[in-house]
1. I'd like the accessible area for B:Y124: 1.4 Å probe, protein heavy atoms, all chains in place, Å² to the nearest 10.
2. Filter the cross-link list B:K41/B:K123; A:K82/A:K112; A:K98/B:K41; B:K3/B:K41 down to pairs whose alpha-carbon distance in this structure exceeds 22 Å.
3. Please turn the phi angles of the range B:153-159 into ³J(HN,Hα) values with the Karplus equation 6.51 cos²θ - 1.76 cosθ + 1.60 (θ = phi - 60°), one per residue in order, whole Hz, x for glycine and proline.
4. So what's the back-of-envelope 222 nm ellipticity for chain B, counting only DSSP H runs of four-plus at -39500 (n - 2.57) apiece and dividing by all residues, rounded to 500?
5. At a Cα cut-off below 19 Å, give the lysines reachable from A:K129, other chains included and same-chain residues fewer than 8 away excluded.
6. Grab the Cα-Cα distance for A:E97 and A:D137, subtract it from 0.36 nm times how many residues apart they are, and report the gain in nm with one decimal.
7. So, for chain B, what is the accessible surface per residue at a probe of 1.4 Å, expressed in square angstrom?
8. Of B:L137, B:L80, B:L119, which has the largest mean-square fluctuation in a 10 Å C-alpha GNM of chain B?
Amino acid sequence: MEWKTRIGLARIRHRLSPSRRFRSSLHARLSAEAGFAGTSRRIPRFAAAGACVITLFLGSGAGVYAYESPDVVEGHPLYAVKREMESVEGRLATTPEKRATFQAKLKGRRLKEVERLREKGNNRQQRLKAELRKTIDTKQF
Amino acid sequence: MDKRAFDGFYRENFDRIFRYVRFRVADQPTAEDLVSEIFMKALAAFDRFDPSVSRRAWMYRIAHNHLANWYRGKRETVDLDDVAEFLPGEDGRDMERLSDERRLVERAFAVLDPEERRLVTCKYLEGYEYADMAQLLGKSADSLKTATHRAIKKIRGLL
């Protein structure tokens, strides 16, 4: 092809080309839509910090207990640790599938805690009744 | 679809599809809106993509259909495949203020027939390979190459 024609076509092609701004902004929107939004530069740093938190806590016996045990419920001293570890785990779920799995896991954990609280409530009621009965019986003497 | 596959798909198709659309609409913002919609559609359909078809041809089809629907919505009848439609014509349709390049394209394309215009646009403005064009246009890559070279010879000295 004659060089002048080649240059002419290349110039027209350049004028039809997209801007860099639009190329990257559309890529970001599509990435978010596809569930790749969690792979931006901020998240890996946070993910690394979160992974360290989890590792440190899991490395300690208290951390493992707090995270795994359904007995660690609202009111328990380690409950805040448990919730923080879950929060970090949630932020590491960077795709829609991982988020859905995590949400299902959280629901299961909350249900177990509610059951445990109910059991504790029943047990507590029974203990209170037993203590009351004992007091009444003792006072009779 | 994993991120790498998506990034590769985007890199492979974005510029080409943008130029395809940009040549057929009046201005950059309209082209950007349409290209955004086209890629959203492609993303939604990505898992249904038939690997026996080339991805470029698949993406082109989505862009072509979307653009045709857009024009239908504007109640304009255009032939997307005849790019002379998108140069200012005798009907006075003012797609945008004429740039030098547009004038040159108009002058060069005036000597080509619609099929030749399509070949030159596809190859040199949109940036498709002959193998892709073969899938898009239903002809052999060799015959398209010969026809395109003939068309380029006709516009020699006009750009």
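1. Surface accessible to solvent at B:Y124 totals approximately 50 Å².
2. From B:K41/B:K123; A:K82/A:K112; A:K98/B:K41; B:K3/B:K41, over 22 Å: B:K41/B:K123; A:K98/B:K41.
3. 4, 5, 9, 4, x, 9, 10
4. Taking each H run of at least 4 residues, the total per residue is -19500 deg cm²/dmol.
5. Here the lysines satisfying the reach criterion relative to A:K129 are A:K120, A:K139.
6. 8.4 nm
7. In whole numbers, chain B has 50 Å² accessible per residue.
8. In the Gaussian network model the winner is B:L137.
The values are calculated or read from the model by the stated rules, or taken from the named source; none is laboratory data. Because the structure is predicted, anything quoted here is derived from the model rather than measured. Positions of Cβ are generated from backbone atoms using ideal geometry, with glycine treated the same way; all protein chains shown enter the neighbour counts. What goes into the accessible areas is simple: the full protein's heavy atoms, side chains included, and nothing from ligands, DNA or RNA. Shrake-Rupley method; radii C 1.70, N 1.55, O 1.52, S 1.80 Å.
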